[in-house]
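Notes for the one structure printed next.
The values are calculated or read from the model by the stated rules, or taken from the named source; none is laboratory data. This structure is a prediction, so every number in the text was calculated from the model and none was measured. Backbone-built Cβ (ideal geometry, glycine too); neighbour counts: all protein chains shown. Remember, those area values only see protein heavy atoms, side chains included, never the ligands or the DNA or RNA. Shrake-Rupley method; radii C 1.70, N 1.55, O 1.52, S 1.80 Å.
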Amino acid sequence: MQGYDLIGDVHGCGATLAALLEKLGYHQRNGVYRHPRRKVIFLGDLIDRGPRIRLAVNIARRMVEEGEAHIVMGNHEYNALAYYHPAPVGSGQRWLREHSPRHNRIIQETLTQYRDYPSEWEDNLAWFMQMPLCLELDGLRVVHACWDEALIEQLYQRLPDARMTPEFLVESTDPDTQAYHILDRLTRGTSIPLPEGVHIHSGDGFTRRSFRAHFWARQPQTLGDVVFQPDNLPGDLEQRPLSPSEVARLSYYGPDKPPLFIGHYWCEGIPALPSANIACLDYSAVKYGRLVAYRWSGEQRLNADHFVWIPVPQEINDQPRPWEIDFE
């Protein structure tokens, strides 16, 4: 095998995923995309928002089950599991993830597209539970949002294969638990609260009172040293010094560590490397950005020339293509 093709957040852009796989040299045999010398690693967030969610899930799942791909769990797969899992008796809630207007909005497109396929959706929820929260393979590392050495060591001690159990899922919804901190950091990364009364009207339609921070600044001094999202911080907040408590919230992944691949952060523009050993592959495909892959062949120092992508212009909107797989 020559290496791995790592693919960022698909978010239901199933036809675009099929186009990217073909661009990478994968072809269908017996309903599964295969390559003679390479395998795929999906970085999670297959579901929600996009127009071909079932197609995206079925392409990825068939590849994983046939040994043609690996996958890690994204926060959207986790959210779906918590949304459908009953809360413990006496908790005062019906579900682990509250069915609030905000949460309903995030998962609505997925539920709509699976409305006529309830048993398929139930089966996919069971498959989501099998997704590991991180991977270490042949000299590379993969996690959806943030590689935190200490928390991943704690995860391995509890779950050597990094796959959640139902008990871990229930525990992970309680902010006072170890499972919560592991799950939150690995699938959502670090968020730093904005000052009281300050908020961001995000490009995805949500109002946010925190911002996403990265984890490869060695000695960050200001908010601008760690912000990692398309939305700018209001006013002159980027120049504001980080407080000791904010610095304590941050993880750090140094340049001496193995190559690491992440998604989650809905970058924009031409794919670029934030660090010589880190690649973010989420380039906002579902918001008419790019569905991005990185072709890794064992190099320890990553190369931006190894990015491969399919642009998703708004006028195309991931429309069905003649060669789209039929999963009916």
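Some observations on this one:
- Loop-located GluC sites (Glu not before Pro) across the stretch 90-184 with a Cβ neighbour count of 15 or fewer within 10 Å are GLU98, with loop assigned by DSSP.
- For the chain, calculated [θ]222 nm from helices alone, where every DSSP H run of n ≥ 4 adds -39500 (n - 2.57): -8000 deg cm²/dmol
- Separation between Cα centres of the stretch 128-206 and the stretch 79-127, rounded to whole Å: 19 Å
- Using the Cβ-Cβ distance between ASN104 and ASN232 with R0 set to 30 Å, the FRET efficiency works out to roughly 0.55.
- Label selected from (1) 35, 24, 19; (2) 28, 24, 21; (3) 37, 26, 16, the criterion being semi-axes √(5λ) of the Cα gyration tensor in Å as computed here: (2)
- Whichever aspartates and glutamates have a C-alpha closer than 17 Å to that of LYS257, once near sequence neighbours (fewer than 8 apart) are set aside: GLU136, ASP138, ASP148, GLU149, GLU153, GLU299
- Counting only lysines at least 8 places from LYS39 when in the same chain, those with an alpha carbon closer than 19 Å to its own are LYS23.
- The trypsin sites (Lys or Arg not before Pro) of the stretch 1-56 meeting both criteria, a DSSP state outside H, G, I, E and B (loop) and at most 15 other C-beta atoms within 10 angstrom of the site's C-beta, are ARG37.
- Surface share of carbon and sulfur [accessible, 1.4 angstrom probe, percent] for the chain: 47 percent
- Candidates ARG141, ARG102, ARG290, ranked by Gaussian network fluctuation over the chain, Cα under 10 Å, top entry: ARG102
- Residues of the stretch 238-322: accessible area per residue with a 1.4 Å probe, Å²: 48 Å²
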